[in-house]
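The values are calculated or read from the model by the stated rules, or taken from the named source; none is laboratory data. Since the structure is predicted, the reported quantities are computational estimates derived from the model, not experimental observations. Quick reminder, even Gly has a Cβ in these numbers, built from the backbone with ideal geometry, and neighbours come from all protein chains shown.
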Protein chains: 2
Amino acid sequence: MLILLTNDDGILAPGIHALRQAFEPLAEVILVAPDRERSATGHGITMHKPLRVEQYTFGRSQGYAVSGTPADCVKLALEQLLPKQPDLVISGINRGANLGTDILYSGTVSGALEAIINGIPAMAVSLDVRHKGNYEVAAEFATKMASFLTQHPLPKNTLMNINVPDLDKHDIKGIKVAKLGLRRYIDCVEERKDPRGKSYYWLSGKLLDELEPETDVWAVSQGYIALTPVHYDLTNHHILPSLQGLANLNW
Amino acid sequence: MLILLTNDDGILAPGIHALRQAFEPLAEVILVAPDRERSATGHGITMHKPLRVEQYTFGRSQGYAVSGTPADCVKLALEQLLPKQPDLVISGINRGANLGTDILYSGTVSGALEAIINGIPAMAVSLDVRHKGNYEVAAEFATKMASFLTQHPLPKNTLMNINVPDLDKHDIKGIKVAKLGLRRYIDCVEERKDPRGKSYYWLSGKLLDELEPETDVWAVSQGYIALTPVHYDLTNHHILPSLQGLANLNW
C-alpha cells in the first residue's frame, strides 16, 4: 500500500510527520508537500511560474518539497514524482481546524480534493490546535480511518474531512458524522498606517460561529471528532429544477 | 442600486470594463479588483502579508486596485471600501470559461462565493474566449440576469455561475440551466531543464472532457449559455446517513 502525504503547513510542519510516523509501520509513505507554509491558498494552482522540487529523506520515507500549493503538490506527485498511483492521499495534519465554509479557503482540504478529482481516495485531517497540539492522537485516529476506508470505500467523488479536537484521547467525547456548518467572521479587516502615513490592511476577523447542532463546527466545539464526507460538486441540485424556466429568458 | 464588480484577471482586464460599461446606465458601480492577474488562485485569501489599495476612476465609476486575491477584494470591499452594502456582486467577465470541477480553481467564482458567504447576492460571469472575445455579449446577458435575479432571488447560500460561449449574440443557440460537469486534465506536468541542468516543472495539461449531457461543460461546447446555481456547501449530503455507523468506530 502506497500512501501520499501532503499538507499546507509545509513539509517541516509537525502534523505531516505525525502522520508519517503513524503510517510508516503500515504502508509505504511518500511526502510531497509545499516547501513552506501555504495556508489559506484555497484550491490555488501555480500557472504563471514553474515549480521547483527538492528531495529529502525523513525517517524511512522519501519527501519532496515543492515551491507550490497543496494542489500543485498532488498534481506533481501523481504525474511525476510517485513510482505508481497511491492507494490513498492524506492531507494534514493541519495546524488548526478546517470546518464549515472555511474549507473553501483550506489548502489542506484542497490537496485532498485534487486527489479525488484524479480518482484517488483521500482524506483531510485537521487538529483544532488550542493547547499543546496532540498530533499523535489525530494521527492514530487517521490510521483507523484509513483502515476503515480501505474496507468501506467512499464514492469516487468524495473525501473524508476529519477534524480532531486538541484533547488527550481519553478526553475526546466520541465521533460525530456531521455536515459542514457556516463560519462567518466579523471585523475582518484591520487598517494600519505605514511609517509614511499610507494605509495598509490586514485580514483578521473574529469568528462568529452560530453552532447549529449536527454541524462539524458544533461537534468539534463539544469535544467530538467530526467526520464529514466532502465532494467536489458545488451545484445546488436542490434548486436546479425550479430554475429550468430560465432557459426561456428573453434577452 | 449599488453593484460591486470584481474579477481575477486584474482591474485593467477587458471583461470587468465590459461589465462596468453595461451596468453604469443602470446602477452605481464600484470596482474592487486585484491589481494584476490572479487566475487560478482558488478561494485563496492573504493572511501572511498586508494588502495595499490604490484608488482610480474608470468612466463614471470608482475603482480600487488591491494587492490580493478576488476573495480578499470582496472582504475588503464589504468591510472597508464601499459606502454601503452592495445589492449585488458580479465577478468577471473572466477571460476563459469556469466550468465543472474547474470552478474549484477559479478566482472569479471565489469572488462571488465570498459575497454569498457574507449574505450578498452574487453571480460569476465567464466568457469561453476562443475567437475575438465577445465581452459585450456576455455583459449584455449579465444585465438581463441581474434584473431577473433582483425579481427572483436565489437562496442566500447560492450564486449564479454564468458561462457564455464566444459567439455573436445571434449565433448563441440558447440558454441551458445545467449542473457542473467533471473536467479532467491529462499530461498535467511538463518537465524542463534550466541552464544549469536542473529540473523544473510547468503545470499544463490537455483537457479531457467527457461531455456528459446536461452539464455546463456540454452546454457551452454546444454553443449554449450555461447557468449553474452554485452553493458553498461541499457536504455530500447524499451519503451522510449511510455513514452514521462511523460514530461507533472503535479506535
* Asked: Does the range B:162-201 hold any residues that are within 11 Å of chain A (Cβ to nearest Cβ) and in contact with a His (Cβ under 7 Å, 6 or more places away or on another chain), and which are they?
  -> B:LYS179
* **Test set (1) surrounded by 13 or more Cβ atoms within 10 Å (Cβ to Cβ); (2) not in a strand (DSSP E or B) - B:HIS170 fails condition number** => (1)
* To do: Spot the failing condition for A:VAL177; the list is (1) over 18 Å from A:LEU99 (Cβ atoms); (2) within 22 Å of the chain's Cα centre (by Cα), and only one is missed.
  => (1)
* To do: Being modelled with pLDDT of 95 or more and of a type outside the set (Val, Ile, Thr) is the filter here, so list the residues in the range A:120-133 that pass it.
  => A:PRO121, A:ALA122, A:MET123, A:ALA124, A:SER126, A:LEU127, A:ASP128
* Structure fact -> The correct count of residues that are touching a strand residue (DSSP E or B) at 6+ places or on another chain (Cβ under 7 Å) and in a helix (DSSP H, G or I) in the range A:193-251 is 9
* Structure fact -> Within the range A:22-81, the residues that are within 11 Å of chain B (Cβ to nearest Cβ), buried (at least 24 other Cβ atoms within 10 Å of the Cβ) and part of a strand (DSSP E or B) are A:VAL66
* Asked: Just wondering, is there one or more residues in the range A:182-189 that are crowded, with 16+ Cβ neighbours inside 10 Å, within 27 Å of A:ILE116 (Cβ to Cβ) and touching a helix residue (DSSP H, G or I) at 6+ places or on another chain (Cβ under 6 Å)?
  -> yes
* Asked: Which number in (1) surrounded by 14 or more Cβ atoms within 10 Å (Cβ to Cβ); (2) touching an Asp or Glu at 6+ places or on another chain (Cβ under 7 Å) marks the one condition that A:SER204 misses?
  -> (1)
* Odd one out for A:ALA226 among (1) within 20 Å of B:TYR232 (Cβ to Cβ); (2) free of Cβ contacts under 8 Å to residues at least 12 places away in the same chain; (3) more than 10 Å from chain B (Cβ to nearest Cβ); (4) small (Gly, Ala, Ser) -> (2)
* Pairs, first within 29 Å of A:ALA27 (Cα to Cα) and of a type in the set (S, T, N, Q) in the range A:44-62, second at pLDDT 95 or above and in a loop (DSSP other than H, G, I, E, B), C-beta under 9 Å, six or more apart -> A:SER61/A:GLU24
* Asked: When residues of the range B:143-167 are filtered for being under 15 Å from B:ILE93 (Cα atoms), surrounded by fewer than 23 Cβ atoms within 10 Å (Cβ to Cβ) and not aliphatic (A, V, I, L, M), how many remain?
  -> 3
* Taking only the range A:181-210 into account, find how many residues are without any contact (Cβ under 8 Å) to a residue 24 or more places away in the chain, farther than 20 Å from A:HIS131 by Cα and within 22 Å of the chain's Cα centre (by Cα). => 4
* **Given (1) closer than 24 Å to A:VAL217 by Cα; (2) in contact with a helix residue (DSSP H, G or I) (Cβ under 6 Å, 6 or more places away or on another chain), index of the condition A:SER106 fails** => (2)
* Asked: Taking the condition buried (at least 23 other Cβ atoms within 10 Å of the Cβ) and either within 12 Å of another protein chain (Cβ to nearest Cβ) or under 30 Å from B:GLY107 (Cβ atoms) (or both), does A:VAL129 pass?
  -> no
* Asked: Do we have any residue at all in the range B:110-121 that's in contact (Cβ under 8 Å) with a residue 60 or more places away in the chain, among the hydroxyl-bearing types (Ser, Thr, Tyr) and part of a loop (DSSP other than H, G, I, E, B)?
  -> no
* Condition check for A:ASN248: more than 26 Å from A:VAL109 (Cβ to Cβ) and either at pLDDT 90 or above or more than 8 Å from every other protein chain (Cβ to nearest Cβ) (or both) -> yes
* **Qualifying position, being modelled with pLDDT of 95 or more, on the phi < 0 side of the Ramachandran plot and under 18 Å from the mean Cα position of the chain (by Cα), among B:LEU31, B:LEU81** => B:LEU31
* To do: Assess whether A:GLU140 counts as being touching a helix residue (DSSP H, G or I) at 6+ places or on another chain (Cβ under 7 Å) and either in a helix (DSSP H, G or I) or surrounded by 14 or more Cβ atoms within 10 Å (Cβ to Cβ) (or both).
  => yes
* Asked: Quick check: is even one residue across the range A:217-224 buried (at least 17 other Cβ atoms within 10 Å of the Cβ) and under 17 Å from B:LEU243 (Cα atoms)?
  -> yes
* Please determine, by comparing only the residues of the range B:225-241 that are over 30 Å from B:TYR135 (Cα atoms) and not charged (D, E, K, R), which one is surrounded by the most Cβ atoms within 10 Å (Cβ to Cβ). => B:LEU234
